[in-house]
Amino acid sequence: MERCMRAQRTLPLRHSVPSASKFVAAPSCNLRTTRPMRFVFRRKRCASAVSNRPGPVQVQHRHPRIALAFTLVELLVILGIVAVLVAISLPLISQLRSRAQRVQCSANLRSLYIATELFVQQNGSWPQLDEGDDEDDASADSGNGWIAALREFGVPEKTWICPTVQNLLGNPDLSKPENTRIDYVATPFDDKPTTPHEWPTQPWFAEVGNVHRHGNLIIFTDGSISDLDAIVKKQSAK
């Protein structure tokens, strides 16, 4: 009887609930009865399924269709705006072109002035050109003579051409001998070396005509360039 009671005391109860002190004193005890169980489900993949797995799915967003065509009223409005812009820009473009041609003409006069100054310093006189009796031949001879006289000082034949006059004449081919001309008239001086510099306001070269709408461009002995209208106004103011 005593042996049975001792056996019952030594054997632990299987269905007894452990106390809190037992958890603290013996942390290595089995806590399966007090901790919730977690189930993890893993899906096994077949090798063939992995190799044939499709790529990422592309999601296409559908947008509402946008009409790209213009109506007749919109086209007429656009054409009207373009026509107004063209009408405004044409005079401006023409004015800018005239200014550019005037600047080019002034540069030509400056080049002729420098080359003629070098000619006077080297030869001791103004270029003396022989002119024929016929007026047409004299003009052609004078042009060819001036071109030949200043060519060695770095003045090509194109420098003698005013761009505005060239446009007015229809852009003739300057490489042909019959189209050779000079658009700047030189003042004739004698063969004395001091004569070209005797009068500071004496013109050296002038344009053949009033093609820039402000009078002929003139370059003077001191190298200044002015148009005929400005000279007349200056003289009348005095």
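A short reminder: the numbers here are calculations on the coordinates, not readings from a lab. All of these numbers come straight from a predicted model, not from anything done at the bench. Don't worry about glycine lacking a Cβ; one is built from the backbone with ideal geometry, like all the others, and counts go over all protein chains shown.
Some values worked out for this structure:
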| item | result |
| --- | --- |
| Semi-axis lengths, Å, region 131-238, gyration tensor of Cα atoms, sqrt of 5 times eigenvalues | 25, 20, 13 |
| Linear extension gain, Ile81 paired with Arg97, 0.36 nm per residue minus alpha-carbon span | 3.3 nm |
| Spin-label pair Ile88/Thr194, simplified geometry with 7 Å Cα→Cβ offset, distance in nm | 6.2 nm |
| Pairwise FRET efficiency - Ile225 versus Asp173, Cβ, R0 = 30 Å, nearest 0.05 | 0.55 |
| Simple spin-label estimate for Lys233 and Glu152 in nanometres, 7 Å along Cα-Cβ | 4.3 nm |
| Spatial separation of Cα centroids for region 76-127 and region 154-213, in angstrom | 15 Å |
| Highest to lowest packing among 115-124, 186-195, 215-224, scored as the average C-beta count within 10 Å | 215-224, 115-124, 186-195 |
| Likely footprinting exposure, Arg97, Arg213, fewest C-beta neighbours within 10 Å first | Arg213, Arg97 |
| Neighbourhood net charge (12 Å Cβ-Cβ; Lys/Arg +1, Asp/Glu -1) for Ile182 | -2 |
| Proxy reagent accessibility, fewest Cβ within 10 Å first, across Glu152, Glu157, Glu178 | Glu178, Glu152, Glu157 |
